[in-house]
């Protein structure tokens, strides 16, 4: 009887492994199809900025092009660096960014698998953890969702931070369980800590400070139990954590020494009273939390039944994980539980940073939410009987696939149909007529047109109709606004900013000439340069 039960358990484990692999494969095949076939159609404005940066990195053979306006971060191991290398080999910036996206997406899952292996999870649990990670990223608007910048359709700004976090946490969990040196893992962790320290303070907030805070918490827990705060046996682990912090801090200081110009993106509440600033920051926190959890879509009132179930299910997983961790707060955690705590602290650190600084908070900055959900799911599944674990795994895989196909169905149909868009027609016209620059609004005009030219057009941007002709200096090139460039540029408007653009040009004594119109886009030329730095 016992042998039969063991055999049945083995079969069910094989089934869960196979189902998880199929689920992961479907996700990646869909993302690869959209990346390589529909990339210009769905390229986010921020991702296009990364492409412009990658192109200049390769052309100038430097990570810090002199003509680039960096925003809140630099890039040393990020997706643009990989895209620059692919661009150097292929000479095609769109394919280069698509390939870089795919590689970074794979590295996210590989590093997460490595972390879970260090936590002592079985193969079935590790693969289920990856499915949970994919499942946690609800994309109700398909490729248009901001979360797709992380997983996996346009794995751009934040993938390098997540990969670093998974590698370092994996090294930390291993040294926590076994004091063996593991030099290769430590060296890789140090390199990534240093490199992401050069990027910005974001890695410090989501990874380094949580490690120190967690060690302090564990020490306090020991002290409350009457044990020594730390013992000699803790030294290898503490030295490891200290080395991460020193490497990350060294990266931050090295960038200060290099003194590469940067234009931080701050919130607009700097001039308000203290009470108004606090209210604005709390509102921003609520908005960001709603975005990262997709609750904003749930509250919009037009959420489908399927996505309503998915979003509520994910929230229930995260809530259940929190209750489980709090219920065991006085006991030593397993590796998975420790990782849950680290992600939770990282999430709180970003929220706290929003309160004490004026840096703008966007929902995607809270990307530690996604692994938090995955760790919560693994913690909950372990408490179930075997039949419950199998049922939960099947439910997660099925819901994940249903959610994925539902969210991306419109994108798949559009990509397969291949209909020419207004942006594509405007881009083709601009290239055919010898133009090199598109000036227009950042989120809906200039990048969306320029990306169709596959590197033949650059985008110069303003933010919103109220800022027409005020050139955005963060995350954009700075060398495209001279009088010479103006002769090779067209100003493209939509109904939202055309009247404002014509009025402001007239106020400056300039008459614009309409040269093309394709659907919602109207192109004008100007005899003088109208773009000005903010």
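Taking the criterion of being surrounded by 15 or more Cβ atoms within 10 Å (Cβ to Cβ), in a loop (DSSP other than H, G, I, E, B), outside the structural domain of residue 475 (by TED's automatic domain parsing) and free of Cβ contacts under 8 Å to residues at least 12 places away in the same chain, would at least one residue in the range 245-259 satisfy it?
no
Residues 31, 74, 87: which one is in the same structural domain as residue 199 (by TED's automatic domain parsing), surrounded by 18 or more Cβ atoms within 10 Å (Cβ to Cβ) and more than 30 Å from residue 414 (Cα to Cα)?
74
Given 284, 272, which one is touching a helix residue (DSSP H, G or I) at 6+ places or on another chain (Cβ under 8 Å), modelled with pLDDT of 85 or more and over 18 Å from residue 373 (Cα atoms)?
After ruling out the rest, the residue left standing is 284.
Matching residues to (1) assigned to a loop (DSSP other than H, G, I, E, B); (2) without any contact (Cβ under 8 Å) to a residue 24 or more places away in the chain; (3) farther than 24 Å from residue 261 by Cα:
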| site | (1), (2), (3) |
| --- | --- |
| 428 | no, no, yes |
| 435 | yes, no, yes |
| 444 | yes, no, yes |
| 452 | no, no, yes |
| 459 | no, no, no |
| 466 | no, no, yes |
| 524 | no, no, yes |
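Only one of (1) within 33 Å of the chain's Cα centre (by Cα); (2) within 20 Å of residue 458 (Cα to Cα) fails for residue 524. Which number is that?
The one condition residue 524 does not meet is (1).
Taking the condition without any contact (Cβ under 8 Å) to a residue 24 or more places away in the chain and under 20 Å from the mean Cα position of the chain (by Cα), does residue 76 pass?
Taking the combined requirement at face value, the residue does not satisfy it.
Do we have any residue at all in the range 441-449 that's surrounded by 16 or more Cβ atoms within 10 Å (Cβ to Cβ) and at pLDDT below 90?
yes
Could you please find all residues in the range 356-379 being farther than 22 Å from residue 295 by Cα and either touching a residue at least 24 places away in the same chain (Cβ under 8 Å) or in a helix (DSSP H, G or I) (or both)?
The answer is 356, 358, 359, 378, 379.
Within the range 380-400, track down each residue that is in contact with a helix residue (DSSP H, G or I) (Cβ under 7 Å, 6 or more places away or on another chain) and in a helix (DSSP H, G or I).
Of everything in the range 380-400, those that are in contact with a helix residue (DSSP H, G or I) (Cβ under 7 Å, 6 or more places away or on another chain) and in a helix (DSSP H, G or I) turn out to be 380, 381, 386, 389, 390, 392, 393, 394, 396, 397, 399, 400.
Given the residues 139, 133, which is the only one that is assigned by TED's automatic domain parsing to the domain that holds residue 79, modelled with pLDDT under 85 and within 15 Å of the chain's Cα centre (by Cα)?
Going through 139, 133 in turn, the sole match is 139.
Which residue, of 460, 464, 509, is within 30 Å of the chain's Cα centre (by Cα) and exposed (fewer than 15 other Cβ atoms within 10 Å of the Cβ)?
464
Could we say that residue 486 is outside the structural domain of residue 261 (by TED's automatic domain parsing), farther than 13 Å from residue 438 by Cα and within 35 Å of the chain's Cα centre (by Cα) here?
No: the conditions fail for residue 486.
Any chance the range 412-420 includes a residue that's within 25 Å of residue 325 (Cα to Cα), in a helix (DSSP H, G or I), more than 18 Å from the chain's Cα centre (by Cα) and in contact (Cβ under 8 Å) with a residue 40 or more places away in the chain?
Looking through the range 412-420, none of the residues is within 25 Å of residue 325 (Cα to Cα), in a helix (DSSP H, G or I), more than 18 Å from the chain's Cα centre (by Cα) and in contact (Cβ under 8 Å) with a residue 40 or more places away in the chain.
State whether the residues of the range 90-108 include one that is farther than 25 Å from residue 443 by Cα, out of contact with any strand residue (DSSP E or B) (no Cβ under 7 Å at 6 or more places or on another chain), crowded, with 23+ Cβ neighbours inside 10 Å and modelled with pLDDT of 90 or more.
The answer is yes; a qualifying residue exists.
The values are calculated or read from the model by the stated rules, or taken from the named source; none is laboratory data. Note that the structure is predicted; figures quoted are calculated from it, not measured. Positions of Cβ are backbone-derived with ideal geometry, glycine not excepted, and every protein chain shown enters the neighbour counts.
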